[in-house]
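Worksheet for the structure shown next.
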Amino acid sequence: MQVETSARETVIDISKVTTRFGDHVVHSGLDLQVRRGEIFALIGGSGSGKSTLLREMILLHQPDSGTIRVLDVELKNISDDDALALRQRWGVMFQHGGLFGALTIKENVGLPLREHTGLDDALIDQIADWKLSMAGLEPEAGSQYPSELSGGMMKRAALARSLALDPELLFLDEPTAGLDPESADGVDQLVLKLRDLFGLTIVIITHDLDLLWQVADRVAVLAEGTVQGVGSMAELSAMTNPAILKFFDGPRGRSAQKQQHQAEVETIDTGRPSSKPK
Amino acid sequence: MNSSQVTPAAVDQSTPQELALSGSWTVWGMGAIGAQLDALTVPVRAEIIVNGTRIDALDTGGAWVLQSFIDRLRDKGIKLTISGLRLQFTKLLEVAAQAAEDQTKLQSGELTPPTSRLENLGRNAKSTFDQIVALLGFVGECAVGFAVSVAHPARIRWRPILYNIRSAGFDALPIVGLLSFLLGIVVAYQGADQLRQYGANIFVADLVGLSMLREFAPLITAIIIAGRSGSAYAAQIGTMSVTEEIDAMRTLGIVPMDLLVLPKILALLVAMPLLTVFADVLGVFGGMIMSRAQLGVGFGEFLDRFVKAVSVTAYLVGICKAPVFAVIIAVVGCFQGFRTKGGADSVGRQTTRSVVQSIFLVIVADALFSVAFSALDL
């Protein structure tokens, strides 16, 4: 659990990052800052380099040039020890879960604790159970294998594992993709709850407009190798950049925006936030 | 942030009524705290103050340990007052208390009894039996598929057949050739000593010729192909069923049997006899080289004797085993592939099974051939 710090503190600082795959330029001089305690969303069309940027932030890929600092550690030429220490301070939830098929869900969640801490097994099991219930899973799910779970449960289990070491920073890759609306709502609420409870900084890659409107504090739009705009969804919707407008102009964009307006009106009417429209 | 850089969590009992907590109550700092908490003696029915002012950090793990300690004391009828805890720590402790309550509520009466040995034996027997039945069912499916293909030759997919002949047959030539050549050398070498004792050097041609052609060439080819291609079939089909490609094929109206299984069986049916002939040639060649080196039997003499000693029947007996082995290997490999369920782990398991079972069945079939041939006087 982190000591309260000023909201201005930068947790992730990306500057002038360039990435190429052969002749294909993915990022050209990309700059981005994520502040402590915020829920930050990365959006962009397919192939705009969101996932590559995420992989660069979590030490799975090195950019061709430019610097990335995460939690005040420079990622270029990082030593193995520093990399390990850094990896223990963040949690990553992969799009398809990345759960180990040979382990039960509970063992998957307990694995980082077993691997890196000196706690005894009984305690690790109890903590894993708690994390699972935190992620909204029934305790029975703990003894099942990943292949026996539905897509929504798999995402929740993956989230529970990413929370195992109480990270300061959480990366979520498409947390609501492939979920039914109710489960997606559950994930929205969960993300907010986690931030409030642990003061987490959360970076989300998503296409889910509801998630963007309801949860994200700031959103960055990636296109043509750079960040086209950063701001809250309301601020972005006022921008005129065509790459950004794409997200608001389609029928989906409009309906999500309309729902948001309704929710705000209801909040004003009743004086308290309404539950999310289903 | 690993355990060497944090102050370990500690509890200090300054007076019997006061517990001072300090250090990092996190997963990194709590290695020794369990024993410390267990060792504390607290007067019964006392009022105790837990002072948390000096706690540096508290995470979910720490909150859990602290909360279960508090619950344990409260169960003993001890009144606890927690003081000096930071606001955010108090909040976390409340969440932990709620979670602990939920867990104890759920844990009552959900224990499953451990399985007994007898039960395990029964389960294993059942699953083996199921597997045999399923294998028979698969053999039947293949036979039906084959019959349909023969009735409608236009439906036979030639491209995958040719591809499989190349990958399972042509590409296997070097390894099959090398191993049967070495096997020929070994057989001739083992026989050389015995034959020399009786001055029957020339009979090395009988020994090498008959054993290679009738037994070793088909068997070594089958074992190599089971390890090389049977495992590849199982892994390929297994991975495809894990990634839902098989289901996709079915929904697109393509019968997986037609596209994946029959071409492999047909390809091996063609490739295995040819590989066996190749193994025959190189095995005998290996034997010839060894005979000249060890027994002084020249190539000419060897071949002279070989033609007299080894009948065409011996050659055909060896070759006719090859298609049977081919069917066993292809069917078992594909069958195990289709039985893959779940993830990467299962792919590995089924691949291992395909190799073990196909080699097992190949040797069983070879033994049956021996029995049959001796009955038929071949």
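Any read-out appearing in this document is the output of simple, stated calculations on the displayed coordinates, not a laboratory observation. Everything numeric here is computed off the predicted structure, so don't read it as measured data. As a convention, Cβ positions derive from the backbone with ideal geometry for all residues, glycine included, and neighbour counts pool all protein chains shown.
Tell me, what is the FRET efficiency for residue B:251 and residue B:46 to the nearest 0.05, using R0 = 56 angstrom and their Cβ-Cβ distance as r?
Rounded to the nearest 0.05, the efficiency is 0.20.
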- prompt: How high is the relative contact order of the range B:130-375, in percent, counting Cα pairs under 8 Å that sit 6 or more residues apart?
  reply: 33
message: Tell me the relative contact order for the range B:117-236 as a rounded percent, counting alpha carbon contacts under 8 Å between residues six or more apart.
response: 23
- request: Just rank B:334, B:320, B:142, fewest to most, by other beta-carbon atoms within 10 angstrom.
  value: B:320, B:142, B:334
message: Run the reach check for residue B:308 against lysines, Cα to Cα strictly under 27 Å, same-chain hits fewer than 8 apart removed. What comes back?
response: B:321
statement: Mean-square fluctuation maximum in Gaussian network of chain A, Cα pairs under 10 Å, restricted to A:112, A:181, A:167, hits A:181
message: Run lengths n ≥ 4 of DSSP H only: what is the helix-derived mean residue ellipticity at 222 nm for the protein assembly as shown, with -39500 (n - 2.57) per run over all residues, to the nearest 500?
response: -18000 deg cm²/dmol
message: Which of B:26, B:239 has the fewest other C-beta atoms within 10 Å, and how do the rest follow up to the most?
response: B:239, B:26
message: Rounded to the nearest 5, what % of DSSP beta bridges with both residues in chain B are antiparallel?
response: 30
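Fewest first, what order do B:87, B:195, B:269 take by the number of other Cβ atoms within 10 Å?
B:87, B:269, B:195
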Anchor residue B:76: aspartates and glutamates whose Cα lies under 12 Å away (excluding residues fewer than 8 positions away in-chain): B:47
- prompt: Using unit Cβ charges (K, R positive; D, E negative) and no other charged atoms, how large, in debye to the nearest 20, is the dipole of the protein assembly as shown about its Cα centre?
  reply: 1560
message: Give the separation of the Cα centroids, the range B:39-57 to the range B:306-378, in Å.
response: 72
- request: Calculate how many DSSP beta bridges within the protein assembly as shown are antiparallel, expressed in % of all such bridges and rounded to the nearest 5.
  value: 45
- line: Any lysines whose Cα falls less than 22 Å from that of residue A:258, other than same-chain ones fewer than 8 residues away, would be A:246, A:276, A:278
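How high is the relative contact order of the range B:3-108, in percent, with contacts defined as C-alpha pairs under 8 Å that are six or more residues apart?
25
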The range B:35-63 residues near the modelled residue B:17 label - backbone nitrogen below 19 Å, point 7 Å along Cα→Cβ: B:41-53
- line: Shielding of B:17-29 by other chains, given as the mean Cβ count within 10 Å, works out to 2
- request: Report, in whole Å, the centroid distance computed from the Cα atoms of the range B:194-239 and the range A:106-171.
  value: 52
